[in-house]
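Notes to accompany the following structure.
The values are calculated or read from the model by the stated rules, or taken from the named source; none is laboratory data. Here the structure is a predicted model, which is why all the values come from computation and not from measurement. Positions of Cβ are backbone-derived with ideal geometry, glycine not excepted, and every protein chain shown enters the neighbour counts.
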């Protein structure tokens with residue numbers, strides 16, 4: 001090809017043509033089923049670097065869930081509804097007595113995640129990292145029927161070995177033990193001798209969402225199962241933010257967590273989440289009656305489980321939390337280690353503060369993800385200008401994930417307030433409609449406040465231009481983070 005007497009080599013013509021073809025095609029393709037902010041991020045990358053951008057998008061940008069897994073999710077949801085019909089005959093369901101603006105939120109949670117509200121539950125909040133591991137091991141040592149563990153990280157470290165020893169002891173007593181571990185988060189466990197040792201002792205170990213170019217129905221390798229839960233004999237449950245790993249599994253950044261020990265009918269819902277994830281990898285629905293025993297009331301708390309993940313047609317956790325924020329009348333307190341929200345979530349927070357609701361965000365001063373921290377900091381100015389108060393926890397890496405709305409509703413689970421948790425990860429949250437539990441969680445939050453430094457708006461506005469620029473650049477990558 002010749003332009004004004006200059007002959008261009010064929011490869012350069014092909015490059016220019018292919019680059020513009022990529023730009024034009026992706027201009028129509030990328031915005032489908034994607035927020036405007038996420039679409040802008042990906043289109044910016046593709047327009048600047050068309051061919052490398054296309055490659056990155058192919059591996060990281062497509063929120064692609066195979067048709068087979070979507071069909072399995074639909075079937076699992078049907079099993080959940082069937083199991084709940086059986087549970088309803090044995091346990092009392094009640095209308096959730098939350099303030100009028102929030103009653104619709106409980107109905108929304110049931111429609112999103114398939115689980116109804118159950119009364120008769122008891123919750124123990126465990127802040128001490130080692131104590132929560134010790135209680136789990138003690139419960140495994142009393143198991144008679146089965147032990148089901150589902151964790152993003154099951155580490156091959158001293159803590160992982162302690163839990164593994166308890167599982168081996170249980171298996172030797174004839175207890176059916178199953179470990180579901182995320183293929184990326186727990187890759188060291190799955191690739192090393194601890195997994196082989198567990199299997200040799202009779203413990204079933206399954207990798208969740210295994211990856212590989214030649215694997216049938218493989219999804220994006222960053223679509224992960226981020227849940228943390230345990231069920232013992234179908235009667236005792238655990239969930240929260242803590243993995244099966246030592247507190248310092250990230251060197252120099254000791255984690256602080258919050259774990260719920262659960263008894264009562266809602267344990268059956270945690271069990272159903274486990275059974276569904278086990279089914280995705282084994283085709284075994286696991287709706288054996290032994291997995292769902294009759295559960296007598298253990299307390300007075302009303303609760304329901306809200307699972308979320310890319311297999312669902314909507315972003316369950318995000319929609320529910322936004323609904324709760326809009327329903328808040330007095331106070332919203334959110335604790336999360338990672339905060340990279342989308343525009344609707346930001347609008348919910350700022351509008352709540354501007355209408356007089358007391359809004360507190362508790363973040364960790366320390367972070368194990370520096371780029372995510374920079375992106376998070378880019379939101380501070382807009383939040384504080386609306387009246388939102390931001391607290392940076394000082395003693396350790398605060399990895400806990402929970403929130404309270406007024407004096408009535410608590411959410412505790414594995415969900416971060418970021419696009420990854422909402423759209424890409426399989427997560428689980430426990431919604432508790434009980435003022436006494438909220439009061440306990442408020443006491444935890446008050447300790448966080450005492451051990452935090454509040455960000456001062458005036459001082460924050462004087463941060464350097466270099467840091468401000470770095471924060472805004474990191475924010476452009478919100479869809480990658």
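If we scan segment 450-471, do we find a residue that is under 17 Å from residue 302 (Cβ atoms) and touching a residue at least 12 places away in the same chain (Cβ under 8 Å)?
If we filter segment 450-471 for residues that are under 17 Å from residue 302 (Cβ atoms), which is where we start, we get none.
No, every residue in segment 450-471 fails to be under 17 Å from residue 302 (Cβ atoms) and touching a residue at least 12 places away in the same chain (Cβ under 8 Å).
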Kindly check whether there is at least one residue in segment 119-135 that is surrounded by fewer than 18 Cβ atoms within 10 Å (Cβ to Cβ), out of contact with any helix residue (DSSP H, G or I) (no Cβ under 9 Å at 6 or more places or on another chain) and at pLDDT below 90. no
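Quick one: how many residues across segment 271-307 are under 29 Å from residue 409 (Cα atoms) and surrounded by 16 or more Cβ atoms within 10 Å (Cβ to Cβ)?
So in segment 271-307, the residues under 29 Å from residue 409 (Cα atoms) come out as 271-277, 291-307.
Those left that are additionally surrounded by 16 or more Cβ atoms within 10 Å (Cβ to Cβ): 271-277, 291-292, 295, 297-299, 301-307.
Result for segment 271-307: 20.
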Qualifying residues in segment 378-407 (those that are assigned to a loop (DSSP other than H, G, I, E, B) and in contact with a helix residue (DSSP H, G or I) (Cβ under 6 Å, 6 or more places away or on another chain)) - the one surrounded by the most Cβ atoms within 10 Å (Cβ to Cβ): 388
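Every residue, every condition in (1) crowded, with 20+ Cβ neighbours inside 10 Å; (2) out of contact with any strand residue (DSSP E or B) (no Cβ under 8 Å at 6 or more places or on another chain), yes or no:
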{"site": "425", "(1), (2)": "yes, no"}
{"site": "429", "(1), (2)": "yes, no"}
{"site": "436", "(1), (2)": "no, no"}
{"site": "447", "(1), (2)": "no, yes"}
{"site": "463", "(1), (2)": "no, yes"}
{"site": "467", "(1), (2)": "no, yes"}
Residue under question is residue 47, and the condition is that it be in a helix (DSSP H, G or I) and modelled with pLDDT under 75; does it hold? no
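Residue-by-condition table, conditions (1) outside any helix (DSSP H, G or I); (2) in the same structural domain as residue 385 (by TED's automatic domain parsing):
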{"position": "311", "(1), (2)": "yes, no"}
{"position": "321", "(1), (2)": "no, yes"}
{"position": "324", "(1), (2)": "no, yes"}
{"position": "332", "(1), (2)": "yes, yes"}
{"position": "337", "(1), (2)": "yes, yes"}
{"position": "347", "(1), (2)": "no, yes"}
{"position": "351", "(1), (2)": "no, yes"}
Tally up the residues in segment 373-400 that are out of contact with any strand residue (DSSP E or B) (no Cβ under 6 Å at 6 or more places or on another chain) and under 18 Å from residue 331 (Cβ atoms), please. 4
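When you look at residue 375, is it buried (at least 20 other Cβ atoms within 10 Å of the Cβ) and modelled with pLDDT of 95 or more, yes or no? Explain how you work it out, then say what you get.
Values: buried (at least 20 other Cβ atoms within 10 Å of the Cβ): yes; modelled with pLDDT of 95 or more: no.
No: the conditions fail for residue 375.
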What are the residues in segment 420-435 that are within 10 Å of the chain's Cα centre (by Cα) and modelled with pLDDT under 95, if any? 420, 421, 422, 423, 424, 425, 426
Looking at segment 251-270, which of the residues that are more than 19 Å from the chain's Cα centre (by Cα) and surrounded by fewer than 22 Cβ atoms within 10 Å (Cβ to Cβ) is nearest to residue 228 (Cα to Cα)? 263
